[in-house]
Amino acid sequence: MNTVLIADDELIIRQGLKCIIEWETFGFEIIGEASNGEEALRFILEQKPDLVMLDIRMPKRNGLEVVNESRKKGYHGKIIILSGFSDFKYAQTAIRYGVEYFLTKPIDEDELAGTVKEIAQTLSKEKSQQMAFDHYKDRARAMILYDILSGNIQTDNLHLQDIGLDAEKYQVVIYEKYSHHATTMPYHFSDLLNVTNEDNSSYETIIMDNNEILLLKGTIVLNKFKHFLEHYEGEQKPQTNSPLDSLFIAYGRIVDSINDVHISYEEALRLLQRRFFCEHRQHTIGYQDLPKISDKEAVEFNDKILQEYCEKLIGFIQAAKRNQVAETLNELEHRLYCSTDNIAKLKLFLTDLYLSIKEKLSHLYHNANIPFPGNADIIRQISEKYYLYEIILFFTEQFEMIMRAIGNPSSGSVIDDIIHYIQHNYMDNIKLETLAPLFGYNSSYLGKIFTKKVGIGFNMFVDQVRIDASKKLLESTDLKVYEIAERVGYRNVDYFHTKFKKYVNQSPAEYRKANRDK
């Protein structure tokens, strides 16, 4: 339904115009009245009616002033000027302001009906043309966005401001369902940023290779995204049923030029493809998590490496050295993370590794009746896992089963092995969720038995080991506090300060000074 404003300083004329024709028959709805030029101008700029019936002679501002000012401020609706015969010179001025329709008072019903009908047809045609224009404009924008993300376009000849792509900074975000079993996403990630996106002012959306992609534009939305990440990353995990609980997000670096947007996109895409290496309940992964692999660290897995790990793991399983099994799997995880092979090849390597261990142990302990899964079941289980940590958990559960079957049921020493592991690996990013699978346990259950045996919680124990190590470094070295924080496993120096003061009742600097004086 098209909208109408009637502006005339005489109430009787306004009432007559409302009743003289059946407005709804022509597809119009009267949404307001104005008795002076100031009211009319304010209403036009705020409500932007499709049609304004405007008297030339009105108090505060005359009709021509209203037309002129509203056009200057971007109003493009239709205007019917109402005037007397003596006002024809004003009508000539109105023509210069783009007014096409004039009616003289007293208003003739048939003349008004004919004019309104003509305007309705014009508006309908213009809206159809605008819809077609917007459709082709959107398609053109999508093609330009595709080329920008792919790095196949030079934007020097593009008028970025005209197509809404002009910004001081950009960042690419790709998001998808967190659960591989979910059919739909209950939330759109763009809605969670809590920013308006009128005329695509904050971000662009596009689907490429079945991935939903956001191009964030400008410091305001980038700061919103940064705060969003700070809220959910780090020590805090997404709460169950929170919006982030249903999403997985990969994001590239921030770039200063539209020509570098493809770098941010390529990083986000690589991260999405490396989701296999994410930890349990990890919902975000950023460009800083891309491995910085030297030529020395880059690994291409082959038969020699397979035999190396096969022999090491069999030896530790036979000796029931659970701690060494865990450390070997941890080392293998790191080497897999730095591999140049694709995920399918890595899964195949892990499948061959387990089958080789099974074959050799079956031969060595043919009388032990070890309840190995069938080969087809092993292949299926490993190939269907979405994450590396799930495969490592499968390995540790199987190795624990084997150790028990061949006569090494000393699982009571698992906590001692974990303590030994923490004391020798505290500088790594140790979390209960990542450590538990290495020892074949559910993280919740392991946390309970750890607290029961040690007397304090897992996280508190790790903190104490790290703080003890940091005290020794403060006493014996000239390392900066932030360097010590990194060496003992704290990525955030402020967090290290907080923990140190909690356990020592002094800041690191105060502790160093006091103990060096002694």
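The values are calculated or read from the model by the stated rules, or taken from the named source; none is laboratory data. Every value quoted in this text rests on a predicted model; they were computed, and no experiment measured them. Neighbour counts are summed over all protein chains in view; Cβ atoms, including those assigned to glycine, are modelled from backbone coordinates with ideal geometry. Heavy atoms of the whole protein, side chains included, go into the accessibility calculation; ligands, DNA and RNA do not. Shrake-Rupley method; radii C 1.70, N 1.55, O 1.52, S 1.80 Å.
A few points about this structure:
- Candidate aspartates and glutamates - alpha carbon under 17 Å from Lys125, same-chain residues fewer than 8 apart omitted: Asp50, Glu100, Asp134
- For Ser470, the accessible surface of its heavy atoms amounts to roughly 0 Å² (probe 1.4 Å, protein chains only, rounded to the nearest 10).
- Lys, Arg +1 and Asp, Glu -1 on Cβ, resulting dipole of region 299-370 about Cα centre, debye, nearest 20: 220
- Ranking by accessible area, most exposed first, for Glu311, Glu33 with a 1.4 Å probe: Glu311, Glu33
- Overall, the chain carries a charge dipole of about 2240 debye about its Cα centre when +1 sits on the Cβ of Lys and Arg and -1 on the Cβ of Asp and Glu, all other atoms neutral.
- When the solvent-accessible area of the chain is split by element, carbon and sulfur atoms take up 48 percent of it, the probe being 1.4 Å.
- For the residue pairs Lys480/Lys501; Lys347/Lys448; Lys321/Lys452, the alpha carbons lie more than 21 Å apart in Lys347/Lys448; Lys321/Lys452.
- Rolling a 1.4 Å probe across all protein chains gives Lys312 an accessible area of roughly 70 Å².
- Per residue accessible area of the chain, 1.4 Å probe, in Å²: 54
- Cα centroid separation, region 37-55 to region 266-329: 68 Å.
- Computed on protein heavy atoms with a 1.4 Å probe, the accessible areas place Leu393, Leu11, Leu112 in the order Leu11, Leu393, Leu112, largest first.
- Put Thr340, Thr477 in order of accessible area, highest first, and with a 1.4 Å probe you get Thr340, Thr477.
- Straight-distance candidates among the lysines for linking to Lys169, with alpha-carbon spacing under 16 Å and chain neighbours fewer than 8 residues away dropped: Lys217, Lys224, Lys226.
- Met1 sits with roughly 140 Å² accessible to a 1.4 Å probe, with DNA, RNA and ligands left out of the calculation.
- Region 312-356 - Rg over Rh from alpha carbon coordinates, Kirkwood radius: 1.03
- Taking every DSSP helix (H) stretch of at least 4 residues in the chain, weighting each as -39,500 (n - 2.57) and dividing the sum by the residue count yields a mean residue ellipticity at 222 nm of -17000 deg cm²/dmol.
- Label corresponding to log10 I(q)/I(0) by the Debye sum over Cα atoms at q = 0.05, 0.06, 0.13 Å⁻¹ when calculated from the structure given, among (i) -0.29, -0.41, -1.24; (ii) -0.40, -0.52, -1.30; (iii) -0.51, -0.62, -1.13: (ii)
- Mean separation of Cα contacts under 8 Å (6+ apart) over length of the chain, as relative contact order %: 8
- Taking a Cβ cut-off of under 9 Å around Glu204, the surrounding Lys, Arg, Asp and Glu residues balance to a net charge of +2, with basic ones at +1 and acidic ones at -1.
- Greater than 25 Å apart at Cα, pairs in Lys72/Lys127; Lys431/Lys499; Lys292/Lys312; Lys304/Lys431: Lys292/Lys312; Lys304/Lys431
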